[in-house]
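Take a look at the structure below.
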Amino acid sequence: MGHAHGIASPVTGRAGGALKGRLRVPGDKSISHRSMIFGLLAIGETRVEGLLEGDDVLRTAEACKALGAQITREGPGRWRILGVGIGGLSEPAGILDFGNAGTGSRLMMGVAGSHPITTTFDGDASLRKRPMRRILDPLVRMGVTVVSEAEGGRVPLTLRGPRETIPITYETPAASAQIKSAILLAGLNSPGRTTVIEREATRDHTERMLRHFGATVEVVPHGEDGRAITLQGQPELKGSTVVVPSDPSSAAFPIVAALITPGSDVVIEGVMMNPLRTGLITTLLEMGASIERLNERDEGGETVADLRVQASRLTGVTVPAARAPAMIDEYPILAVAAAFAEGTTRMQGLHELRVKESDRLAAVAAGLAETGVPHEIEGDDLVVHGTGGKVRGGGRPIATHLDHRIAMSFLVMGLATEEPVTVDDGAMIATSFPTFIPLMRELGATIID
């Protein structure tokens, strides 16, 4: 199967010895995207350390440059941004091409769309399939004009912003940090108060970073699990320093690898412990995982800790739908942990997984079928019947559908299965976790590419 980036390159994970050692996974993608965007919108100099230098984030950096920021890379993960301030964006000369970056493109629609400039957004074949209408609807209410769009509100699309954005109060139809963030970022260039109401709390990195750069944001509880977030428009954001914590979504792969590979003992350094991102760790602890938090500290408004993970006997649990927003990216790797657990794990309310880079729910189920793990999809629930540590593996190469998390999850599975597990393509792992294979090999994993 040929891809835009060339020939598919299969990769295989196979059982070897225990995993041992320390590692630091790359910087968090959400914070990395936002550090560039806030650097653009702030006055003065912003310095970023530990930036995730994957393709997605670099596309956001290019877009910020096109909108007027001066950006220089000073070393691995070290970047300097000179911002233009809210209201100071210049019209880009060309199309903003976001590649595969769903987060970058959606947040930037809020940023660029709220300025009196015309901006065209595009991306790769995968991004062109992803729905943008949920971002565009609130932006249109704020005064943004959708000049043109591909069918169903997809990219390529062109936005023209108003002279001044209209402040709105908006209740998000789905739990999505991207919708919320796009509206709040658009609200920065608005003269009044912009409020987003969410029925269930989603990742709050945008709110934390807004405060870190000097904006006034009020968050109050709303209903049972929700919040109302109000931003005071037209603040003066001041350049700041951002130390990007390690990405809990990337840490998920070595964590589960250590849990399922007998005799393993691994420390993962500097992992973000934001409670809205640690749903997987909460779930694994409920399953009986040995995960210790060491050296907890604060970096750039986020709590981080070193995690010591030891091989553990896991037991199946029910994961409530309310936890989904805090672990939406971690269900594929949780399904792998569940395969090795004793008893049944039921993951409830996975509707959002159907609209990610691929239909992740179907992709996970197909991979489980190929490797001999009993499971069902019941409505929006994924039910995995654990084998108590004995998973066959093998089968035909797993279809990744260009989805990096599917690829990494099944490679991790192969580290503890009876037969090796091959994924059909590992090339796209580079977009979110470029060092995944070498880091896993340093711990002693056998991954053959």
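Summary table
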quantity: Cα Rg, Dmax, segment 17-119, angstrom units; calculated: 14.9, 59
quantity: Using a Förster distance of 51 Å, the FRET efficiency for residue 117-residue 224 (Cβ separation, nearest 0.05); calculated: 0.80
quantity: The chain: relative contact order as a whole-number percent, Cα under 8 Å and 6+ apart; calculated: 19
quantity: Centre separation in Å (Cα based) which lies between segment 368-440 and segment 1-70; calculated: 22
quantity: Overall dimensions of segment 50-187 by Cα: Rg and Dmax, Å; calculated: 14.4, 42
quantity: Orientation-averaged projected area, Cα convex hull of the chain (nm²); calculated: 19.0
quantity: Value of D in µm² per second that Stokes-Einstein yields for segment 1-69, Kirkwood Rh from Cα pairs, at 20 °C (1.002 mPa s); calculated: 140
quantity: Segment residue 199-residue 148, length gained on full extension (0.36 nm per residue, minus Cα span); calculated: 15.3 nm
quantity: Two-decimal Rg to Rh for segment 149-205 - Kirkwood Rh, Cα set; calculated: 1.00
quantity: Principal axis box of segment 81-123, alpha-carbon based, largest edge first, Å; calculated: 27, 19, 18
quantity: Segment 296-355 and segment 103-170: distance between their alpha carbon centers, rounded to Å; calculated: 32
quantity: Hull-based mean projected area of segment 137-177, where the convex hull spans the alpha carbons, in square nanometres; calculated: 3.6
quantity: Computed label-point distance, nm, for sites residue 238 and residue 265 using a 7 Å Cα→Cβ extension; calculated: 4.8
quantity: Diffusion coefficient, µm² s⁻¹, Stokes-Einstein with Kirkwood Rh over alpha-carbon pairs of segment 330-422 at 20 °C and 1.002 mPa s; calculated: 168
quantity: For segment 53-181: accessible area per residue (Å², 1.4 Å); calculated: 39
quantity: Rule-of-thumb Rg ratio for segment 230-353 [Cα; 2.2 N^0.38 Å; N residues]; calculated: 1.19
quantity: Distance between modelled label sites at residue 369 and residue 90, nm, 7 Å Cα→Cβ extension; calculated: 5.4
quantity: Antiparallel DSSP beta bridges within the chain, as percent of all bridges there, nearest 5; calculated: 75
quantity: Accessible carbon and sulfur surface of the chain relative to its total accessible area, %, 1.4 Å; calculated: 49
quantity: Aspartates and glutamates with Cα under 18 Å of residue 390, excluding same-chain neighbours fewer than 8 positions away; calculated: 342, 370, 418, 419
quantity: Percent antiparallel among DSSP beta bridges (both partners in segment 291-363, rounded to 5); calculated: 70
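The values are calculated or read from the model by the stated rules, or taken from the named source; none is laboratory data. Keep in mind the model is a prediction, meaning the values are calculated, not measured. Positions of Cβ are backbone-derived with ideal geometry, glycine not excepted, and every protein chain shown enters the neighbour counts. Quick note on the areas: whole protein, heavy atoms, side chains included, nothing else; ligands and nucleic acids left out. Shrake-Rupley method; radii C 1.70, N 1.55, O 1.52, S 1.80 Å.
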